[in-house]
Amino acid sequence: MSDFYQNGVITNFHNLTHRSVESLEKEMVRFARKRKMGLILPSLFSELEGPALDNIVNELAKVPYLDEIVIGLDRADREQFLFAREFFSRLPQRHRILWNDGPRLKALDAELDKEGLSPSQPGKGRNVWFCTGYTLASDRSQCVALHDCDIVTYERGMLARLLYPLANPAFQYEFCKGFYARVADGKLNGRVGRLLVGPLLRSLQKVYGHSEYLDYLTSFRYPLSGEFAMRTHVLNGIKIPGDWGLEIGVLSEIYRNYTTRQTCQVEIADNYDHKHQPLAEEDGTGGLKRMSNDIVQSLLRKLATMGVPLTSDSFRVLKATYYRNALDMMEIYNHEATMNGLKFDQHIEEAAVEMFTQAILDAGQSFIERPNEKPFIPSWSRVQSAFPDILQRIYQAVEEDNDGKV
């Protein structure tokens, strides 16, 4: 099979013809008669005040094939939730907002917490988890997509291309991941993907030996993309991390539960830009520093479950191997930027590599020191075994919040 369509592990679809959005959507409307489609949007309230989400909602309002949009709203008080209801009211599709900080969902979360079944920390993973629970409870879709709310260059064709492999009844894929080039403002972006994940996956192979799982992750053009879609029934059995390891964690769960023939990736955009994270916040935490630590820990936890012996000594070897690989890759990206007339700041790039190198050591130390830490939010199938009516109760709480009773 041509490399345009297969990369040796998962099926790989390129946007070869730049087919019009109208043509895609016409076909998607036909598909929707057999496979209903939904969308999950995890959002912070602050994103409602920026230009990216306003444009995203305007674009989604034109989409003719979605049966439901589920919006997870974090860090919002009552007045902000009411503002959000008005903000999203322009959507013609059925849509519901999960007010994660509202009294109804917080009360359910407290019940789950007593049984050790609640997400241990706030964040995107927790937001997505509750949204998937509502999506299962609503039972209005056979396949569902998820994408971030800070995409500056969003256009609705991204969603159509992301859902197409799952929506087409002639295809039997269970999971689809989006990819795209990370170029904006005359420079290469995506530092965590380029300078951490890529060199780290190669380094893990060198230090711990060949792994089909690492081959699988390496086959994704952009494993950290926040755009993916799956058949809705998949949501019931996967366990996701509650931190910045969400994307790697989801890929790992798909690898565990499904064959690679059921997984694909699709090029959804020629140009993609979103909100950029600093290397670290002013207090020295957060930003890419925390993100990189969470991602490395997610990878280490998965390798440990596969029987890979992880020790403090091996982490030091991994650190040195990664650093050399990352510097080699940085030189290649320098050449690529030069060939394409892009800016390349070697100092900033190398500073990122140094921070990622330290993150590998820090993540390894955390992994050794906290062996009993729960790395994943429980699957909904497990939660339902303890609380058989939990999905119905989440559904009712969300309906009451959205019906004006707040």
Counted residues, region 192-241 - those being part of a helix (DSSP H, G or I) and of a type in the set (D, E, K, R): 5
All positions within region 135-177 that are in a helix (DSSP H, G or I), surrounded by 22 or more Cβ atoms within 10 Å (Cβ to Cβ) and touching a helix residue (DSSP H, G or I) at 6+ places or on another chain (Cβ under 6 Å): Ala160, Ala167
Region 109-137: number of residues that are free of Cβ contacts under 8 Å to residues at least 12 places away in the same chain and within 16 Å of the chain's Cα centre (by Cα): 0
Output for region 211-231, where each listed residue is of a type in the set (Phe, Trp, Tyr) and touching a residue at least 60 places away in the same chain (Cβ under 8 Å): Tyr213, Tyr216, Phe220, Phe228
Tally the residues that are exposed (fewer than 15 other Cβ atoms within 10 Å of the Cβ), at pLDDT 85 or above and not hydroxyl-bearing (Ser, Thr, Tyr), restricting the search to region 258-303. 2
Can you tell me which residue is farthest from Thr135 (Cα to Cα) among those in region 221-261 that are over 15 Å from the mean Cα position of the chain (by Cα) and charged (D, E, K, R)? Arg261
How many residues of region 226-257 are crowded, with 23+ Cβ neighbours inside 10 Å and of a type in the set (S, T, N, Q)? The answer is 1
Which of the residues that make up region 380-406 are open to solvent by less than 60 Å² (accessible area, probe 1.4 Å), at pLDDT 95 or above and part of a loop (DSSP other than H, G, I, E, B)? Phe387
In region 341-374, residues that are free of Cβ contacts under 8 Å to residues at least 60 places away in the same chain and of a type in the set (Val, Ile, Thr) total 3
Could you please let me know if Tyr323 is in contact with a Ser or Thr (Cβ under 8 Å, 6 or more places away or on another chain), part of a helix (DSSP H, G or I) and surrounded by 14 or more Cβ atoms within 10 Å (Cβ to Cβ)? yes
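The values are calculated or read from the model by the stated rules, or taken from the named source; none is laboratory data. Predicted model only: the values in this text are computed from it and were never measured. Every residue, glycine as well, gets a Cβ built from its backbone with ideal geometry; the counts of neighbours run over all protein chains shown. To get the accessible areas, we keep the full protein, side chains included, count just its heavy atoms, and leave off ligands, DNA and RNA. Shrake-Rupley method; radii C 1.70, N 1.55, O 1.52, S 1.80 Å.
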